[in-house]
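A short write-up of the structure that comes next.
Read-outs: derived from the displayed coordinates by stated rules, not from any lab. Keep in mind the model is a prediction, meaning the values are calculated, not measured.
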Amino acid sequence: MVQISTRASDLRTAIERATGVRADVRSAPGSTRITIPCPPDDIPTWSELLRALRTADRWGSVTADGQTVIWAQIEEES
């Protein structure tokens, strides 16, 4: 298992709690990226998810192979 910062771990937990989906976590030198499939279109889920995403340094979405994925990135301090 990859070691991530407390901040990245807290973000992953908040995203998973908001969506009920296990997040994928990828670490690279200096950053951690957390991704999940786009959740259903309901206000409570998105409200909680957006609250979590706004704690990230960067976040967005991408569509590949017909599936939209939401991502959030934490820039780790050196």
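In the chain, the DSSP-assigned H stretches of four residues or longer account for a calculated mean residue ellipticity at 222 nm of -10000 deg cm²/dmol, using -39500 (n - 2.57) per stretch and the full residue count as denominator. Remark: the GLU76-GLN3 segment gains 25.1 nm on full extension, using 0.36 nm per residue and subtracting the alpha carbon distance. Of the residues ARG33, ARG54, ARG12, the one that moves most in a GNM of the chain with alpha-carbon contacts below 10 Å is ARG54.
Evaluated at q = 0.27 Å⁻¹, a Debye calculation over the C-alpha positions of segment 6-75 (equal weights, vacuum) places log10 I(q)/I(0) at -1.32.
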